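Encoded as C-alpha cells, the structure appears first; notes follow it.
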Amino acid sequence: MSMSTLKTPVMNNFAKRCYASKTAAALSIKGPQVQTKKLPNNSLAVAVPDYPTKIGRVSVTFLAGSRYEDPENAGIAHLVRSSAGLSTELSSTFAIIRNLGHLGTNYYVSSDRETITYTIEAHKDNLVSSLKYFIESISNQSFKPWELSDNLKRVQYELLTIPPEVRVLDLAHKAAYRNTLGNTVFLPKYNIKKLGSEHLLYYVKKNFNNQNAIISSVGVDVDTLVHISEDLNLPNGNANSTTKAKYYGGDLRKSKSLDATYLAVVGEGVSYKDSQSASYAVLQYLLGKGSSVKWGVGQGVLEQNILKANCPDNFAVSALNFNYSDSGLFGFLLAYNGKDVSNVLKAAVQSLRSPTVTETEVNRAKKQLIFSLVSASESSVGVLENITHQAVTSGQVLPFEKLIAAVEAVTVEDVKKAASKVAGSKLSLAGYGNVATTPYLDNL
C-alpha cells in the first residue's frame, strides 16, 4: 500500500468569497461536471462521472489522520493504513489479493495529517465485482494479532525508507504546532510493538463512521456511490472534533550521518477556506518550486537569490504551501551538500521575509500555477485527489473554471499582502542530516 504523506495541493479549495469580490476575466477553461450529494446517513458523495476514461476510480476517505491521535496512540493512523488489505471478518488476505488481482484491480491506501483514504482503480467492466472486496476491507477490518505481528517487519521497513526531506517536513510541523497538526504522521519506534489489535479496532470504530466519511469517484456516477455507502454500512457516530491547530513556532533538528543538510523554514500560512488562499498559492510559485526545465535553473526568487550569494556547492530549494482545514504553513525546503549551510540559509530566509514582488514576477507565477492546475486536471488521479480534498476541507467542490478564475483575479497587491503576513510571522526551523553548521532562529 502506498502512502501520501505530503499532500500539499496548491489550490484544492478556495472559499466562494475568495473570488466573489474579484471580477477579472478568467481563461476559457472548463473542467468536468461534478455531482455532489449529501446522503441521508450524513456521508458526502462527490463524483465526476463523465471524465473520459475507461478506468473507474473510487475513494472512501475518513477524517482519521494523525491530528486526531492521542499521545498514547501516536502513529496509529500509520498502522491502520499499513494494515489495509489484511484479513477481514469474511475474507482472508489471500482471498482479497487473489480476487482483486484476477480482476486487474489496484487497491491502495494513503494517509496524511487529517485523513485516511482507501482507493480502488479498475476497468469499469470489473469495478462492480471488485467493490465487494474493497468494501469488505474497509467496513469489516478485524486486525488479527498474528497478522499484525507479521506486518511489523513491513512497517519497520517503511520507517527505514522514509526520505530525509519527508522527515524534515514532519519535524517542521512538530516545531510549528507541537500537537494536533504537529503530530507525526509516522509510527514512533516506541509504539511499534505497543499498539495492538484492540487499539486499532477502537480507533477505527471511533473514527470510521458516516459523519466522518467522504466517498468520491471519477468515471463513476453519484448513484453508484450511494449504493457503496449503503453497502459500507458504517455506524452513525459523532463527527470528529479536535482542538483548533495553534501555531507556536520553534526550532527542531535531528543530526544524522548524512552528507547533505535538509532544512525546512516555515511561518504561519492560511487554511483551505481562507480568502487569501489564491494569493498564497501565487506567492509560492513566485518564490519558486524548482526548475520547469530538466537540469535547468529555477526562475523563482528563492533560487535566484541563493545563486547571487555565490553558493559554492550544490543545493535545491522549493517554496512550501501547506493548507489544512483550520491552519497552514508557508515557507521553503532547502537541501545542501556543502560543509557550511549558514550563508545559503540566510539568503533563503531573506528571500522569504522580503521577496521581490513585481508585476512581471506575479504574472509568471500565475501562469505557472494555472499550468499546474490544468495539467493535474488531465489526469483522473489528479481530479480524484482534487475533489476529495475540497470535499474534506469545505464540504463542497468548486467548479474547475472558478479555481482558474480565482488565480486570474489575484493582483500584485494581494501577493504583497500575503508576503507581508509571512514576513511578520514567527518562523519555525527544522533540520535533518548534517546540521552541525545550521544557525538557530535567533541568528537568522
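In the stretch 264-285, the residues that are farther than 19 Å from Leu373 by Cβ form Cβ pairs under 7 Å with partners that are among the basic types (Lys, Arg), at six or more places apart or across chains, as follows: Gly267/Lys426. Which of (1) at pLDDT below 95; (2) under 23 Å from Val410 (Cβ atoms); (3) not in a helix (DSSP H, G or I) is the odd one out, the single condition Gly296 does not satisfy? The failed condition is (2). If you go through the stretch 121-151 and keep only what is open to solvent by less than 60 Å² (accessible area, probe 1.4 Å) and in contact with a Lys or Arg (Cβ under 7 Å, 6 or more places away or on another chain), you end up with just Glu121.
Annotation: of all residues in the stretch 278-315 being among the basic types (Lys, Arg) and surrounded by fewer than 17 Cβ atoms within 10 Å (Cβ to Cβ), the one that is farthest from Ser354 (Cα to Cα) is Lys294. None of Gly338, Gly331, Gly431 is open to solvent by less than 10 Å² (accessible area, probe 1.4 Å), part of a loop (DSSP other than H, G, I, E, B), farther than 30 Å from Ser216 by Cα and not basic (Lys, Arg) except Gly338. Scanning the stretch 212-235 for residues that are modelled with pLDDT of 95 or more, open to solvent by 60 Å² or more (accessible area, probe 1.4 Å) and closer than 27 Å to Tyr324 by Cα turns up nothing. Scan Ala418, Ala391, Ala365, Ala405 and give me the residue that is closer than 30 Å to Ala260 by Cα, of a type in the set (A, V, I, L, M, F, W, C) and not assigned by the TED database to the domain that holds Ala45. From the options Ala418, Ala391, Ala365, Ala405, the qualifying one is Ala365. Inside the stretch 401-428, residues that are in a loop (DSSP other than H, G, I, E, B) and closer than 19 Å to Glu361 by Cβ make up a count of 3.
Checking the condition of a type in the set (Ser, Thr, Tyr) and free of Cβ contacts under 8 Å to residues at least 24 places away in the same chain, which residue from Tyr177, Tyr157, Tyr247 passes?
Numbers: Tyr177 fails: free of Cβ contacts under 8 Å to residues at least 24 places away in the same chain; Tyr247 fails: free of Cβ contacts under 8 Å to residues at least 24 places away in the same chain.
Within the list Tyr177, Tyr157, Tyr247, the selection yields Tyr157.
For the stretch 236-252, indicate whether the set of residues that are open to solvent by less than 30 Å² (accessible area, probe 1.4 Å), within 30 Å of Asn210 (Cβ to Cβ) and either modelled with pLDDT of 90 or more or in contact with a Leu (Cβ under 9 Å, 6 or more places away or on another chain) (or both) is non-empty. Yes, that holds for at least one residue. Answer with yes or no whether Leu263 is part of a strand (DSSP E or B) and touching a Ser or Thr at 6+ places or on another chain (Cβ under 7 Å). Answer is yes for this residue.
Select, from Val109, Val10, the only residue that is modelled with pLDDT of 90 or more and under 19 Å from the mean Cα position of the chain (by Cα). Step by step, each of Val109, Val10 is checked, and only Val109 is modelled with pLDDT of 90 or more and under 19 Å from the mean Cα position of the chain (by Cα). Only a single item in (1) in contact with a strand residue (DSSP E or B) (Cβ under 8 Å, 6 or more places away or on another chain); (2) at pLDDT 95 or above is not met by Val397, and it is number (2). Scanning the stretch 14-31 for any residue that is closer than 30 Å to Arg178 by Cβ, at pLDDT below 95 and in a loop (DSSP other than H, G, I, E, B) turns up at least one such residue.
If you filter the stretch 194-205 down to residues that are charged (D, E, K, R) and over 25 Å from His173 (Cα atoms), you find that the one that is surrounded by the most Cβ atoms within 10 Å (Cβ to Cβ) is Lys205.
The values are calculated or read from the model by the stated rules, or taken from the named source; none is laboratory data. What you see is a predicted model, and the numbers here were worked out from it, not measured in a lab. So basically every Cβ, Gly included, is an ideal-geometry build from the backbone, and we count neighbours across all protein chains shown. The accessibility values were calculated without ligands, DNA or RNA, using every heavy atom of the protein model including side chains. Shrake-Rupley method; radii C 1.70, N 1.55, O 1.52, S 1.80 Å.
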